[in-house]
Amino acid sequence: MTLAIVLAAGPAAGLTTDGGERLVDRIAGQWRRAGADEVRVAADLSELADLVAAATGPVLVSGADLVAHTAVLKHLATSPVGPTVALVLTDPPAAGQATVREERGQVVAVDDPEGATGVFGGALRVGPADLPALAAAARTAAGGGVDRLFADLAGCGTLIFAHRVRLLVAHRVGDAAELAAAQAAVAAVDEDRAELKLSVKERDDFFTTFFVSTWSPYVTKAAARIGLGPTAVTMISVAFAVAAAVLFGVGGRLALVAGGVLLYLGFVLDCVDGQLARYTRHFSAWGGWLDTMADRAKEYLVYAGLGYGATHAGFRYGWALAIAAMTLQTVRHMTDTWYGVLHDEAARRPRAATGDAGGIGGKLNAASTKVQADTGSVSYWLKRTVVFPIGERWALMAVAAALFGPLVALCAVLVWGVLAFAYTGALRTLRARWMRVPVLTTVDTGLHRDDGPLARTLPTTRRPLVVAVFGAVVAAALLLWALLAVHRGGDLPGWALGVALAALLGAAQGARAAHDGPLDWLVPAALRAGEYLFAIAVGVAGRVSPWLIFGYVFVLTLHHYDLTARLEKRQAAPPLHAATLGWEGRSALLTIGSIAGIASIALATLGTYLLVVFVASVVLAWVVLPARVRGGDRSPG
């Protein structure tokens, strides 16, 4: 149950609107329309602390001086960015109002005049885990107002995210004149039209901004009117991508053009599902997880269609290109995920200013921040495009396949992907060395390394990144050797697989080590690269059908994206994660199967097993266990 508390303290508590309604009663009614199950008015912070102490769900807190669209409060109450979120305004701070400094959407300092980026908007949502801190802050700040409460809550070390107001109106008022001006500003804005525009991401990539978001809100509005939910739109998007993949595989100019059009429309719907969730405020952990997983599955199915189409058109290595594109993109995504986590953690640990700006890493960080702030400039769009985001990838595939065919589309994706990986990898490495944040120490390292029981029994090394990279290099060398051997009509010696496996397992020695180095955020990506390259090498050496190798690696990517999606959505580990055997266990089983001469059977069997475990884990996590929790909630106490 969501409780909203209006703190009726300060001069604004006695103000009345043009219609004679007390401002306190007005905002209380808005909280009800914004979705609060219960609304209470507290005379002071001591009463507020007692109300918070008895609460079990999220608590919404606001002062009596806030004049805003109801949608502003609804957006704050339903914000998916984090459990505790504060309203932040750009208005100049009045006397007694708390200033805010934010970075990457997080409140990193309160009442820091030199670095202030906004002012506290007088309203916040506090998640259940942070309620004890809120109650303690209310008792500490007894006699103060909502600004003092907010400052003390931040002082407790609570992670608070910032919610900015765009297009809508929100102002804090102190007298009748300010109240009248704020009411006029609210009345001048069409709330629904603004909400529809707000459904589009504030900052997106070039292709999405100019070729999708210019018209996708109309689709979003239509979907809302006919009652389609975000999940339904996601599934329609998947169907479009699958149809495009089939057409790319069929080949022929008409099929390729139709496939390009369907891929574009599928991407439009991929944007619409998020816009629809923001417009209707229908957020859920399941929806976020499904959107992330569907994006990757759709893209890789398109790679499969392009690979089959290139092979069908007479190019011998069509499937090889598809496997390479999927492997490259997955490893890239792993670095993207962990660099994002690293950057967020760094924002919570601001560095002291130095005369040399932190060396080259610090200068790169400052330059990147400056470019990102220069919204709409050439350098801004160039920076967002060169990293090859999903919109540009899908647009390139659609256009290249329609005009030149599947082979050119795959080659283009690989070339741009490699260049983007080199660019982002180099710059992020330099910036990470400057930040020096041991981000993997803040999570379950073994889970996100995807270690199995074997890794936990091996000796420990102090350099987990070195052994992980070494294992990936050995796997790459093994793959190259296997390709050369098969090309020359020979076989890869059985002992080579054993030696390569031993080298790969060296990475398992980092399982119990402290991942506190400035570059240890790269360990998960290095482990993914090592496992994928080793599995591909086993398939090549065993002359396994390329489509089967693709299928096995595809299942591995689902498993690993499940881990990262749960990390991003702050979800627990998959219920059956222990049954996935760990990267080292899977690699050992493939080696045994290859030496026994049954590489195809090993890949097919292990891939099927992992797919079954993945599906069962999804059903358990999102259907069975939630149903049991709901059943327990309904049972008599």
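Numbers below:
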quantity: Enumeration of residues in the stretch 147-166 that are within 29 Å of residue 279 (Cα to Cα) and either modelled with pLDDT of 95 or more or in contact with a Ser or Thr (Cβ under 9 Å, 6 or more places away or on another chain) (or both); calculated: 150, 158, 159, 160, 161, 162, 163, 164, 165
quantity: Test: residue in the stretch 243-263 that is touching a residue at least 24 places away in the same chain (Cβ under 8 Å) and closer than 29 Å to residue 191 by Cα; calculated: no
quantity: Test: residue in the stretch 297-307 that is of a type in the set (Lys, Arg) and either over 22 Å from residue 614 (Cβ atoms) or free of Cβ contacts under 8 Å to residues at least 24 places away in the same chain (or both); calculated: no
quantity: Any hit, the stretch 250-264, residues being over 21 Å from residue 163 (Cα atoms), of a type in the set (Ser, Thr, Tyr), open to solvent by 20 Å² or more (accessible area, probe 1.4 Å) and under 24 Å from the mean Cα position of the chain (by Cα); calculated: yes
quantity: Hits in the stretch 529-552 (condition: closer than 18 Å to residue 429 by Cα and open to solvent by less than 10 Å² (accessible area, probe 1.4 Å)); calculated: none
quantity: Matching residues in the stretch 485-530 - criterion: being without any contact (Cβ under 8 Å) to a residue 60 or more places away in the chain and acidic (Asp, Glu); calculated: 491
quantity: Matching residues in the stretch 479-502 - criterion: being closer than 14 Å to residue 538 by Cβ and open to solvent by less than 70 Å² (accessible area, probe 1.4 Å); calculated: 479, 482, 485, 486, 492, 493, 494, 496, 497, 498, 500, 501
quantity: Test: residue in the stretch 336-344 that is aromatic (Phe, Trp, Tyr) and open to solvent by less than 20 Å² (accessible area, probe 1.4 Å); calculated: yes
quantity: Boolean, residue 469 is open to solvent by 60 Å² or more (accessible area, probe 1.4 Å), assigned to a helix (DSSP H, G or I) and touching a residue at least 12 places away in the same chain (Cβ under 8 Å); calculated: yes
quantity: The lone exception for residue 86 - which of (1) at negative phi; (2) modelled with pLDDT under 95 it fails; calculated: (2)
quantity: Tally, over the stretch 115-136, of residues that are closer than 22 Å to residue 174 by Cβ, part of a strand (DSSP E or B) and of a type in the set (A, V, I, L, M, F, W, C); calculated: 4
quantity: Hits in the stretch 166-179 - residues which are assigned to a helix (DSSP H, G or I) and either touching a helix residue (DSSP H, G or I) at 6+ places or on another chain (Cβ under 6 Å) or open to solvent by less than 40 Å² (accessible area, probe 1.4 Å) (or both); calculated: 179
quantity: Selected residue (only one of 573, 565 is at pLDDT below 95, over 19 Å from residue 502 (Cα atoms) and open to solvent by less than 30 Å² (accessible area, probe 1.4 Å)); calculated: 565
quantity: All helices (runs of 4 or more DSSP H) inside the stretch 346-445 with 1 or more residues being at pLDDT 95 or above and of a type in the set (Gly, Ala, Ser); calculated: 390-404, 406-435
quantity: Residue in the stretch 81-107 that is farthest from residue 285 (Cα to Cα), counting only those that are of a type in the set (A, V, I, L, M) and crowded, with 20+ Cβ neighbours inside 10 Å; calculated: 98
quantity: Which listed residue, of 194, 170, 182, is within 27 Å of residue 128 (Cα to Cα) and touching a residue at least 12 places away in the same chain (Cβ under 8 Å); calculated: 170
quantity: Meets criteria (open to solvent by 50 Å² or more (accessible area, probe 1.4 Å), of a type in the set (Lys, Arg) and either assigned to a strand (DSSP E or B) or farther than 19 Å from residue 66 by Cβ (or both)) for residue 139; calculated: yes
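To keep it simple, each residue is scored yes or no on (1) β-branched (Val, Ile, Thr); (2) out of contact with any Pro (no Cβ under 9 Å at 6 or more places or on another chain); (3) assigned to a helix (DSSP H, G or I).
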residue: 579; (1), (2), (3): no, yes, yes
residue: 586; (1), (2), (3): no, yes, yes
residue: 591; (1), (2), (3): yes, yes, yes
residue: 602; (1), (2), (3): no, yes, yes
residue: 616; (1), (2), (3): no, no, yes
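The values are calculated or read from the model by the stated rules, or taken from the named source; none is laboratory data. The shown structure was predicted, so the numbers you read here are calculated from the model rather than taken from an experiment. Backbone-built Cβ (ideal geometry, glycine too); neighbour counts: all protein chains shown. Only protein heavy atoms, including side chains, enter the accessible area calculation; ligands, DNA and RNA are left aside. Shrake-Rupley method; radii C 1.70, N 1.55, O 1.52, S 1.80 Å.
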